[in-house]
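Asks: Before anything else, here's the structure in question.
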Amino acid sequence: MKKSTAILFAFIISQFQAQQGAYYQQSAKYKMDIDVNAEKFTYEGKQTLEYTNNSPDELNVVYFHLYWNAFKPNSMMDQRVASKGKNGDSRLQKDGVSRLASIPKDQEGAQNIHWIRQNGKDLKFEVQETIMKVYLAEPIKPNSTAIFTMDWDAVIPQQIRRSGRNNKEGVDMTMTQWYPKIAEYDYDGWATFDYIGREFHEPFSDFDVTIKINKDYVVGAGGILENSTEVKGYDTNAKIKADKNKSIWRWTAKNMLDFAWSADKDYVVKSFDVPQGPKVFMVYQNNDKTKVWEQAQPYITKYFQLMNSHFGKYIYPTYAFIQGGDGGMEYGMCTMILGEAKDIKDLMGLMAHEGAHSWYQQMLATNESMRPWMDEGFTSYAESYVMSQLFPKDLPNPFMEKLNAYRDFIKKGIEEPAVWLGDHHDNGTSYTYASYVKGELYLVQLGYIMGEQNLAETLKQYYDQWAMKHPSDRDFLHIAQKVSGMDLKWFQNYWINTTKTINYGIKEVKYDAKSTTITLVNNGGVPMPIDFSVMTTDKKIVTYQIPLNMTHTWKEKDAYGEFKTMPYWPWTQKEYMITIPYTKSQLSVLGIDFSQRIADVNMEDNFVEVK
Ligand SMILES: [Zn+2]
């Protein structure tokens with residue numbers, strides 16, 4: 001081969017790889033200086049952003065999110081709340097009316113960009129409410145870095161959703177989605193979703209943030225506090241430094257999606273180390289209503305140990321549970337949660353959910369706006385699993401409560417497919433079930449189909465291959481299929497893209513002199529393999545696996561018990577007959593899936609008591 005041909009060939013291959021969407025991810029480094037006016041609930045900001053384009057594309061524009069511009073009357077978020085009426089988020093409403101509509105002028109949220117420069121040159125930009133489009137002076141070529149500088153000021157909005165001033169428990173400032181944040185650019189293009197109160201997506205970034213605020217404030221944040229000896233709350237020997245009555249807090253963080261912080265005069269800070277990490281901070285107002293936080297340390301310790309061993313190691317050095325916000329919301333290395341809880345189980349439920357987002361959202365950074373079921377659903381799965389270990393209950397599996405809630409929800413007839421964009425569901429409850437519940441049950445069904453050991457191995461490999469990256473549903477499915485050897489595309493398509501349901505039943509039982517023959521029927525829209533079990537009068541359980549032909553490989557073992565494998569059931573076939581070597585007098589119960597993991601919507605015909 002001639003040299004020129006070889007070069008041409010290499011060029012063609014690289015172009016081919018680019019077109020095939022070889023994986024890349026953008027990266028950002030923020031340096032920010034923030035000066036807070038605590039009396040007025042405003043701040044001034046300066047940002048230097050080093051943005052590296054690792055994509056194969058030349059970028060002529062970049063986009064930033066300005067989330068706080070949503071907190072105004074007639075904003076898109078207001079319109080969305082108003083259009084939903086009673087089906088909207090109750091936190092955004094008062095007596096069925098959007099709270100944004102009546103927000104006082106001086107408490108409207110704002111992020112006003114004074115100027116933005118690229119490598120020192122002024123740039124033209126346009127703001128469409130929460131999205132700022134910036135026209136570049138020179139394109140950012142593949143594998144090159146641009147330096148943006150920016151000046152802006154902001155008004156901290158009335159606390160309505162997640163961020164804001166004076167939350168209902170009296171936390172002064174919840175500072176989330178508070179800075180101009182560069183949008184994610186990936187294989188799906190720019191993630192320029194208008195903010196209407198839901199999910200986020202952004203590149204992994206490094207942060208170096210200095211916050212100047214009145215010295216009587218304590219700041220909580222997700223990150224490393226670099227000067228704990230100069231500020232209030234973190235170090236008993238601190239010599240508080242102040243200039244014109246303000247302290248300077250310096251926080252850093254590496255490889256994180258988002259930097260969030262909060263500030264209050266009444267915060268206390270407690271910390272402890274989980275063996276093998278992380279160091280945990282609890283930042284909250286210590287009063288009668290938050291007494292239960294004092295019991296949290298042993299539960300949080302066990303929580304991180306369970307999460308680390310089952311879902312992959314938490315890689316950041318610290319994690320902070322911070323009282324703030326309007327419920328619970330996850331951020332890099334921290335969460336903002338309401339602090340008042342009725343008991344330790346209530347508090348841990350919230351901490352377990354938000355903490356688990358450090359895995360399913362933060363380290364495994366899926367696009368939440370496009371695939372909310374992957375972050376809310378997988379997080380809810382981890383929450384149910386860990387809570388069943390921390391507070392054991394006598395149930396057939398850890399997911400029973402969600403399965404039953406799902407069955408009740410289906411009866412309402414308002415289900416919407418989980419594949420929909422998170423912001424575009426018509427109904428808040430439908431969004432919750434599509435993302436949190438269907439996403440959780442997606443994993444529960446996979447555990448049932450391929451066996452719990454295979455599911456655990458899939459989750460482990462998913463973490464090993466995709467931590468600190470942006471995986472998609474295809475990446476997860478790819479691993480699940482490889483680990484199990486099964487074809488699972490049919491399941492993912494039915495479960496995520498449609499609202500079809502699972503409904504198997506026992507149609508008929510015939511007792512003979514030496515055996516019993518059962519006719520099973522598929523009355524539903526989603527085919528599934530069936531684990532059929534009998535309990536004998538002497539309390540022995542015998543299980544028969546009836547594989548579904550579409551998986552092509554059969555489940556070999558399952559943590560829920562041993563089984564014999566029967567001939568497969570083609571998905572096109574309505575009924576299936578199985579003959580078992582037990583007589584009527586030897587049997588006590590017959591049933592589909594004694595583990596009760598299958599999300600069958602009608603359980604009434606799944607079990608037969610032999611009388
Ligand atoms: Zn969540």
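Asks: Quick check on my link table: of Lys84/Lys345; Lys302/Lys564; Lys279/Lys469, which ones sit more than 29 Å apart, alpha carbon to alpha carbon? Provide the component values of the computation, followed by the final result.
Replies: On the way: Lys84/Lys345 33 Å; Lys302/Lys564 37 Å; Lys279/Lys469 23 Å.
The pairs that break the limit, which is 29 Å between Cα atoms, are Lys84/Lys345; Lys302/Lys564.
Asks: Per the 1.4 Å probe, what fraction of the accessible area of the chain, in percent, lies on carbon and sulfur atoms? Each step should come with its number before you reach the end.
Replies: Details: 12740 of 25570 Å².
About 50 percent, which is the carbon plus sulfur part of the accessible surface.
Asks: Is any residue of the stretch 408-432 close enough, with backbone N under 19 Å, to a label point placed 7 angstrom from the Cα of Lys500 along the Cα-Cβ axis, and if so, which?
Replies: 410-411, 413-420
Asks: Then there is this: In deg cm²/dmol and to the nearest 500, what is the mean residue ellipticity at 222 nm of the chain if only DSSP H runs of at least 4 residues count, each as -39500 (n - 2.57), divided by the residue total? Display every interim value, and only then the final one.
Replies: Numbers: 11 runs with 129 residues, N = 611.
After summing the helix terms and dividing by the residues of the chain, the value is -6500 deg cm²/dmol.
Asks: In debye to the nearest 20, how big a dipole does the stretch 300-386 give about its Cα centre with +1 on each Lys and Arg Cβ and -1 on each Asp and Glu Cβ?
Replies: Numbers: 5 positive and 10 negative charges, 70 e Å.
About 340 debye.
Asks: Here is a further query. Efficiency by 1/(1 + (r/R0)^6): what FRET value for His424 and His478, r their Cβ-Cβ distance, R0 = 30 Å, to the nearest 0.05? Before the final figure, lay out each step's value.
Replies: On the way: r = 27 Å, r/R0 = 0.89.
Calculated value: 0.65.
Asks: Turning to a different aspect of this structure: For the residue pair Asp235 and Ala137, what label-to-label distance in nm results when each label sits 7 Å from Cα along the Cα-to-beta-carbon direction?
Replies: Output for this residue pair reads 4.0 nm.
Asks: Size of the dipole of the stretch 197-285 about the Cα centre, Lys and Arg at +1 and Asp and Glu at -1 on the beta carbon, nothing else charged, in debye to 20?
Replies: Working: 13 positive and 13 negative charges, 78 e Å.
That gives a dipole near 380 debye.
Asks: Separation between the Lys574 and Thr42 pseudo-spin-labels, each 7 Å from Cα along Cα→Cβ, expressed in nm?
Replies: Each label point is offset 7 Å from its Cα along the Cβ direction, giving 7.2 nm.
Asks: Evaluate the charge dipole of the chain about its Cα centre and quote only its size in Debye, nearest 20, assuming +1 on the Cβ of each Lys and Arg and -1 on the Cβ of each Asp and Glu.
Replies: Details: 68 positive and 76 negative charges, 86 e Å.
For the chain, the charge dipole is close to 420 debye.
Asks: Please compute the per residue accessible area over the stretch 246-378 with all protein chains in place, 1.4 Å probe, rounded to a whole number of Å². Don't skip to the end; give the middle numbers.
Replies: Values: 3980 Å² over 133 residues.
About 30 Å² of surface per residue is accessible.
Asks: Once the other residues with Cβ under 11 Å from the Cβ of Val483 are scored (Lys, Arg +1; Asp, Glu -1), what is the net sum? Let's see the in-between values first.
Replies: Working: positive: Lys460, Lys482; negative: Glu457.
Taking every Cβ under 11 Å from that of Val483, the sum is +1.
Asks: May I pose another question? Please find the FRET efficiency linking Lys460 to Thr565, where r is the Cβ-Cβ separation and R0 is fixed at 25 Å, and quote it to the nearest 0.05.
Replies: Working: r = 26 Å, r/R0 = 1.02.
Efficiency, rounded to the nearest 0.05: 0.45.
Asks: Here is a further query. Rounded to the nearest whole Å², what accessible area per residue is found for the stretch 554-611 with the 1.4 Å probe?
Replies: On the way: 3390 Å² over 58 residues.
Each residue of the stretch 554-611 exposes 58 Å² on average to a 1.4 Å probe.
Asks: Report the net charge of residues surrounding Pro139, where surrounding means a beta-carbon distance below 10 angstrom and charges are Lys +1, Arg +1, Asp -1, Glu -1.
Replies: Details: positive: Lys141; negative: Asp57, Glu58, Glu138.
In short, -2.
Asks: Taking the solvent-accessible surface of protein heavy atoms with a 1.4 Å probe, what is the per residue accessible area of the stretch 467-518 in Å²? Spell out each step's value before the answer.
Replies: Working: 2360 Å² over 52 residues.
For the stretch 467-518, the per-residue accessible area is 45 Å².
Asks: Given the Cα-Cα distance of Ser271 and Ser83 and 0.36 nm per residue of separation, how much length would full extension add, in nm?
Replies: Numbers: separation 188, 0.36 × 188 = 67.68 nm, distance 4.41 nm.
So the chain would gain 63.3 nm between Ser271 and Ser83.
Asks: Rounded to the nearest 10 Å², what accessible area does Ile530 have for a 1.4 Å probe in the complete protein model?
Replies: Accessible surface of Ile530 is approximately 0 Å².
Asks: Give, as a single signed number, the net charge of other residues whose beta carbon lies under 10 Å from the beta carbon of Asn227, with Lys and Arg counted +1 and Asp and Glu -1. Intermediate values should be presented prior to the final figure.
Replies: On the way: positive: Lys241, Arg250; negative: Glu226, Glu230, Asp235.
Local net charge: -1.
Asks: Ordering Val274, Val608 by how much accessible area each has at a 1.4 Å probe, largest first, what is the list? Spell out each step's value before the answer.
Replies: Working: Val274 5, Val608 35 Å².
The residues order as Val608, Val274, largest area first.
Asks: Can you list residues whose amide H is under 5 Å from Trp569's amide H, if they're 5+ apart or on another chain and H is modeled 1.01 Å from N?
Replies: HN-HN under 5 Å from Trp569: Leu548, Asn549.
Asks: Can you run phi through the Karplus equation (6.51, -1.76, 1.60; θ = phi - 60°) for the stretch 163-170 and list ³J(HN,Hα) in whole Hz, with x for Gly and Pro?
Replies: 8, x, 9, 6, 5, 5, 9, x
Asks: Just to be sure I understand the model, the point goes 7 Å from the Cα along the line to the Cβ. What's the resulting Asn287 to Lys540 distance in nm?
Replies: Taking the simple label geometry, Asn287 and Lys540 are separated by 6.4 nm.
Asks: A further question on this structure: Going from the alpha-carbon gyration tensor of the chain, what semi-axes, largest first and in whole Å, does one get by taking the root of 5 times each eigenvalue?
Replies: Details: eigenvalues 451, 178, 102 Å².
For the chain, the semi-axes come out at 47, 30, 23 Å.
Asks: Stretch Thr553-Asn54 to full length: gain in nm at 0.36 nm per residue minus the Cα-Cα span? Could the numbers behind the result be given before it?
Replies: Details: separation 499, 0.36 × 499 = 179.64 nm, distance 3.92 nm.
Net length gain for the segment: 175.7 nm.
Asks: Further, regarding this structure: Any idea what angle helix 296-311 forms with the longest principal axis of the chain, computed on alpha-carbon atoms, 0 to 90 degrees, nearest 10?
Replies: Result, in degrees: 70.
Asks: Report the FRET efficiency, 1/(1 + (r/R0)^6), for Lys313 and Ala513, where r is their Cβ-Cβ distance and R0 is 60 Å, rounded to 0.05. It would help to have the intermediate numbers written out before the result.
Replies: On the way: r = 59 Å, r/R0 = 0.98.
With a Förster radius of 60 Å, E is 0.55.
Asks: Want the number for Leu395 to Glu294: 0.36 nm per residue separation, take away the alpha-carbon distance, what's left? Write out the running numbers ahead of the final one.
Replies: Values: separation 101, 0.36 × 101 = 36.36 nm, distance 2.90 nm.
Separation in residues times 0.36 nm, less the Cα-Cα distance, equals 33.5 nm.
Asks: In terms of modelled amide H atoms, which long-range or inter-chain residues lie less than 5 Å from the amide H of Val526?
Replies: Here Thr501, Ile502, Asn503 satisfy the definition.
The values are calculated or read from the model by the stated rules, or taken from the named source; none is laboratory data. Treat the numbers as computed from the prediction; the structure is a model and nothing was measured. Note that we place each Cβ from the backbone using ideal geometry, even for glycine, and neighbour counts take in every protein chain shown. The accessibility values were calculated without ligands, DNA or RNA, using every heavy atom of the protein model including side chains. Shrake-Rupley method; radii C 1.70, N 1.55, O 1.52, S 1.80 Å.
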